[in-house]
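A.B. asks: Can you keep this structure in mind? I'll have questions shortly.
The values are calculated or read from the model by the stated rules, or taken from the named source; none is laboratory data. Keep in mind that this is a model prediction, so the values were computed, not measured. So basically every Cβ, Gly included, is an ideal-geometry build from the backbone, and we count neighbours across all protein chains shown. Side chains are part of the model used for accessible areas, which takes the heavy atoms of the whole protein and leaves out ligands, DNA and RNA. Shrake-Rupley method; radii C 1.70, N 1.55, O 1.52, S 1.80 Å.
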Amino acid sequence: MTKVSVILPVYNVGRYLDETFASLLGQTLREIEIIVVNDGSTDNSEEIIKKYAAADKRIRLISQENKGQAAARNVGLGVATGIYVYFMDADDTISPEALETCFRYAILRDADICAFDGDIVYEEGARPISWDYKQCRFMRENRLYYGREWIEDMLSHDRFNSVVWLYLISKRLLYLSGVKFHEGIIHEDELFTVRAFMETKRVVCLQKSFVQHRIRSGSTMGSGFTKRNIDCYITVASEILYRNSCSTTRKYLRFMLPKVFYTAHQIPLKQKFGVFARATIKGLLWYIGLKSILVFWFKRKRERC
């Protein structure tokens, strides 16, 4: 019986895969499957994956044309057989006991989601981020939370970590709720995680750091903020309101969108008009707030020396 399905989208990360597979194959939980979706890589990623798949039958390779991380994750989810799923970034590593500890605790509490913490590893040239992945210190390990309650409690501490690699998630929850990744955008985690939490009444956490998350110079988090970033955040916000509009999600948007538009002051002025018009049409200005709107329009981008 497969206890955990690890879903690993891969795109041109060949130089990291040996570390990634070492951490997965070293898991103390042996009843896992590793579904690797090669999303049209043009480097040596597929060759490396095939080498590991030939040596360990728990590894399954699926190759497709490049469709983006969200599509790759959905493909992996569609064939997963585990009781729980874990969505892992292909350049990250996880501690040897991570999957076993989370799986056992989730089963013990009959939880749909088990949350935990992560550490940051910066690659040379990557821009530092202004947040961390230490969320569980604000919650109690011996509590069972409603998903809405978890979001509300996190927002009361001015945070909510939406990245999917901080959660072990019941496949049953995703199947019954129909939650999957929105394809064609970046920042898809912001939508997926909020929707998953809104669909469950059984969330637990472990105050342990299990994942080592790499910030690369060319990654979504390690590169500069562009029009594509803000366009995708607007899509995320619109989808949240369409699918789960309530006091909790509206509070989340009042937490997320001001930060997005504050950061978006750095995009070129000629791009701001279309972005702002779209946010207005979608009814998002109230969530953004006056301060961030003023910063968006009038703060100049700081030049880098």
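A.B. asks: Hey, can you tell me all the residues within segment 175-185 that are open to solvent by 10 Å² or more (accessible area, probe 1.4 Å) and either at pLDDT below 95 or closer than 25 Å to ILE107 by Cα (or both)?
C.D. replies: Going through segment 175-185, the residues open to solvent by 10 Å² or more (accessible area, probe 1.4 Å) turn out to be 175-178, 180, 182-185.
Selection gives TYR175, LEU176, SER177, GLY178, LYS180.
A.B. asks: Given (1) out of contact with any Leu (no Cβ under 9 Å at 6 or more places or on another chain); (2) within 21 Å of LEU241 (Cβ to Cβ); (3) open to solvent by 60 Å² or more (accessible area, probe 1.4 Å), identify the lone condition not met by TRP150.
C.D. replies: The number of the failed condition is (3).
A.B. asks: Of all the residues that make up segment 226-277, how many are farther than 24 Å from PHE181 by Cα, of a type in the set (Val, Ile, Thr) and in contact with a Lys or Arg (Cβ under 7 Å, 6 or more places away or on another chain)?
C.D. replies: 1
A.B. asks: Follow-up. Scanning segment 199-215 for residues that are part of a loop (DSSP other than H, G, I, E, B) and of a type outside the set (S, T, N, Q), which turns out nearest to the chain's Cα centre (by Cα)? Step through it out loud before you land on a result.
C.D. replies: Initially, segment 199-215 is screened for residues part of a loop (DSSP other than H, G, I, E, B), giving 199-202.
Then drop every residue that is not of a type outside the set (S, T, N, Q), which leaves 199, 201-202.
Numbers: GLU199: 17, LYS201: 20, ARG202: 19 Å.
Across segment 199-215, the extreme among qualifying residues is GLU199.
A.B. asks: For PHE138, indicate whether it is aromatic (Phe, Trp, Tyr) and in contact (Cβ under 8 Å) with a residue 40 or more places away in the chain. Lay out the reasoning, then the answer.
C.D. replies: Working: aromatic (Phe, Trp, Tyr): yes; in contact (Cβ under 8 Å) with a residue 40 or more places away in the chain: no.
It is false that PHE138 is aromatic (Phe, Trp, Tyr) and in contact (Cβ under 8 Å) with a residue 40 or more places away in the chain.
A.B. asks: In addition: Any idea which of ARG202, ARG214 is touching a residue at least 24 places away in the same chain (Cβ under 8 Å) and either of a type in the set (Phe, Trp, Tyr) or surrounded by fewer than 20 Cβ atoms within 10 Å (Cβ to Cβ) (or both)? Give the derivation first.
C.D. replies: Values: ARG214 fails: either of a type in the set (Phe, Trp, Tyr) or surrounded by fewer than 20 Cβ atoms within 10 Å (Cβ to Cβ) (or both).
Going through ARG202, ARG214 in turn, just one is touching a residue at least 24 places away in the same chain (Cβ under 8 Å) and either of a type in the set (Phe, Trp, Tyr) or surrounded by fewer than 20 Cβ atoms within 10 Å (Cβ to Cβ) (or both): ARG202.
A.B. asks: Moving on. Considering only segment 50-63, how many residues are among the aliphatic types (A, V, I, L, M) and over 19 Å from VAL4 (Cα atoms)? Outline the logic, then answer.
C.D. replies: Of the residues in segment 50-63, the ones among the aliphatic types (A, V, I, L, M) are 53-55, 59, 61-62.
Next, from what is left, pick out any that are over 19 Å from VAL4 (Cα atoms): 54-55.
Looking only at that region, the number is 2.
A.B. asks: Something else now. Does any residue in segment 81-102 that is crowded, with 24+ Cβ neighbours inside 10 Å come within less than 6 Å, Cβ to Cβ, of a residue that is assigned to a loop (DSSP other than H, G, I, E, B) six or more places away or on a different chain, and which pairs are these?
C.D. replies: Listed by first residue and then by second, the contacts come to ALA90/VAL13; LEU99/GLN27; LEU99/LEU29.
A.B. asks: Can you give me the number of residues within segment 52-74 that are closer than 14 Å to LEU25 by Cβ and surrounded by fewer than 15 Cβ atoms within 10 Å (Cβ to Cβ)?
C.D. replies: Going through segment 52-74 one residue at a time, the tally reaches 4.
A.B. asks: On to the next question. When only residues in segment 22-51 that are assigned to a helix (DSSP H, G or I) and β-branched (Val, Ile, Thr) count, which is surrounded by the most Cβ atoms within 10 Å (Cβ to Cβ)?
C.D. replies: That would be ILE49.
A.B. asks: For segment 98-120, which residues satisfy the criterion of being over 15 Å from the mean Cα position of the chain (by Cα), over 14 Å from GLN207 (Cβ atoms) and of a type in the set (Val, Ile, Thr)? I'd like the intermediate steps shown before the answer.
C.D. replies: Taking segment 98-120 as the starting set, the residues that turn out to be over 15 Å from the mean Cα position of the chain (by Cα) are 98-112.
Filter again for over 14 Å from GLN207 (Cβ atoms), leaving 99-100, 103-104, 106-112.
The answer is ILE107, and nothing else.
A.B. asks: When you go through SER156, SER162, SER177 one by one, which is the residue that is touching a residue at least 24 places away in the same chain (Cβ under 8 Å) and of a type in the set (Ser, Thr, Tyr)?
C.D. replies: Of the residues listed, the single one that is touching a residue at least 24 places away in the same chain (Cβ under 8 Å) and of a type in the set (Ser, Thr, Tyr) is SER162.
A.B. asks: Do we find that ILE186 is within 13 Å of the chain's Cα centre (by Cα) and β-branched (Val, Ile, Thr) in this structure? Can you show your working first?
C.D. replies: Details: within 13 Å of the chain's Cα centre (by Cα): yes; β-branched (Val, Ile, Thr): yes.
When the stated conditions are applied, ILE186 passes them.
A.B. asks: Any residue in segment 24-35 that is among the acidic types (Asp, Glu) and touching a residue at least 60 places away in the same chain (Cβ under 8 Å)?
C.D. replies: Filtering segment 24-35 down to residues among the acidic types (Asp, Glu) leaves 31, 33.
Add one more test, that the residue is touching a residue at least 60 places away in the same chain (Cβ under 8 Å), and what stays is none.
No: segment 24-35 contains no residue that is among the acidic types (Asp, Glu) and touching a residue at least 60 places away in the same chain (Cβ under 8 Å).
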